[in-house]
Structure formats: structure tokens, C-alpha cells
Amino acid sequence: VVSKVSFTVNGERRELDLDLRTTLLDALREHLKLSGTKKGCDHGQCGACTVIVEGRRMNSCLSLAVMHEGDEITTIEGLGTPDKLHPMQDAFVKHDGYQCGYCTPGQIVSAVAVLAEVKAGIPSHVTADLSVAPEASNAELRERMSGNICRCGAYSNIAEAMTEVAG
Ligand code: FES
């Protein structure tokens, strides 16, 4: 069964005719050719497919595209461009927050959303205050990022990049 769905991706209104079973990830990658969002496991375990929907991050492989009628979606392509990197992209480069790079778009999208969550006072399982306890805040960042798996093990550098952007 095919259905029409329209949502805003990186500030641009998009309308698609999609099989009801199409995931948001496949809609972005296959239909809109936004291949920055990666498919790792395709079942919610790796975070490579992370995008921001209505201000909250989500695994786009776990959600059907037709459920996002009217939603505002941000992908890695919406954060920065090769000429004008997002501060988080800059910080990942500076701190070597990647090796093979496959998980990196998901890591960066998630990292940007995590700092927004912290700023908005959304609690994590680790009750550290970013501004007063650097070690604990590192633990907090790592806990908040625990849904994004990096097979190369760049976790410490990712946390460093996030700490720099958090200021
Ligand atoms: Fe979606 Fe792995 S591809 S969580």
C-alpha cells in the first residue's frame, strides 16, 4: 500500500509517495538521496541512523516514514556543509572523534542533540552537572551517547569533542 507523506527535512518541505512499510531511514537514503544518515544494523542497536525529529534524536531505522507527517527532521546534511562545518563537526575533526567514519554522522547528530538535552535540563541516568564536575560530566556524556556504537572505539575523543563544544 502506498501513501503520501510530507515532512520538512533540513528546512525543505518534501512530499513522497511511499510504501507504508518504508522506514524513515530508507525514505531519507533511498528516496531523498540523503545518504549521510547511515544504515548499520537496521534494527535499533547501533545509532548510525540517528536523526533529529521535532527536536529529539531517534533511530530512523526504527520508525516508519508515514508516521512523520508534518514533522521537522534534521539529518547530518542539515547541520553543516564541507565549507561551513557545524561546531560539533569541527570539534570531531580537532579531537579525532572517528577512525573509519561510518558511525560519525550518527555520532555527530546525536552529540548535537545531547548538548541540547543537557541545556534543556533533560536528565540522564548519570546525575552530573556539566559545568561543575568535568570527570563526572564526561561520564554523563558517555552515558547519553551510549546508543551510538563506534567499532573503532573513538569514545574518549568523541567525549572530548563534545566537552569542547559544551564550553
Ligand atoms: Fe538504526 Fe543501527 S541502523 S540503530
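When exposed loop sites are taken as trypsin sites (Lys or Arg not before Pro) in a DSSP loop with at most 10 other Cβ atoms within 10 Å, the longest stretch of the chain clear of them is 85-167. Farthest towards the positive end of the charge dipole of the range 3-134, among the residues 93, 3, 122, is the Cα of 93, using unit charges on the Cβ of Lys, Arg, Asp and Glu.
Taking 20 °C and 1.002 mPa s as conditions, the chain diffuses translationally at an estimated 132 µm²/s according to Stokes-Einstein applied to its Kirkwood radius (Cα pairs).
Cβ-Cβ distance of residue 142 and residue 72, R₀ of 35 Å, FRET efficiency by 1/(1 + (r/R0)^6): the value works out to about 0.80. Compute for the range 2-78: radius of gyration divided by Kirkwood radius, i.e. Rg/Rh, restricted to C-alpha atoms, rounded to two decimals. Answer for the range 2-78: 0.91. Among the lysines of the chain, pairs that are 8 or more positions apart or on different chains and have alpha carbons within less than 26 Å of each other number 11.
All other residues whose Cβ lies under 15 angstrom from that of residue 153 are scored, Lys and Arg at +1 and Asp and Glu at -1, for a net of 0. A Förster distance of 25 Å, applied to the separation of the beta-carbon atoms of residue 54 and residue 21, puts the FRET efficiency at 0.65.
Structure remark: mean-square fluctuation, Gaussian network model of the chain, C-alpha springs under 10 Å; the largest value among 30, 77, 140 belongs to 30.
FRET efficiency for the pair residue 94 and residue 1, taken as 1/(1 + (r/R0)^6) with r the Cβ-Cβ distance and R0 = 30 Å, rounds to 0.05. Ranked for footprinting exposure by Cβ neighbours inside 10 Å, fewest first, 83, 42 give 83, 42.
A Gaussian network model of the chain, with springs between Cα atoms under 10 Å, assigns the largest mean-square fluctuation among 89, 45, 107 to 45.
In this Cβ point-charge picture (+1 for Lys and Arg, -1 for Asp and Glu), the chain has a dipole of about 260 debye about its Cα centre. Listing 58, 67, 88, 162 from fewest to most neighbouring C-beta atoms within 10 Å gives 67, 58, 88, 162. If you run the Gaussian network model on the chain, springs between alpha carbon atoms under 10 Å, then out of 122, 73, 52 the most flexible one is 122. By the Cα gyration tensor, the range 87-166 has an equivalent ellipsoid whose semi-axes, rounded to whole angstrom, run 20, 12, 12 from largest to smallest. For the pair the range 72-118 / the range 1-65, the C-alpha centres are spaced 18 Å from each other.
Between residue 14 and residue 152, the contour length at 0.36 nm per residue exceeds the alpha carbon distance by 46.2 nm.
Values in this text are rule-based calculations from the coordinates and carry no lab data. In this text, all values refer to a predicted model and were calculated from it rather than measured experimentally. All Cβ positions, glycine included, derive from the backbone under ideal geometry; neighbour counts span all protein chains shown.
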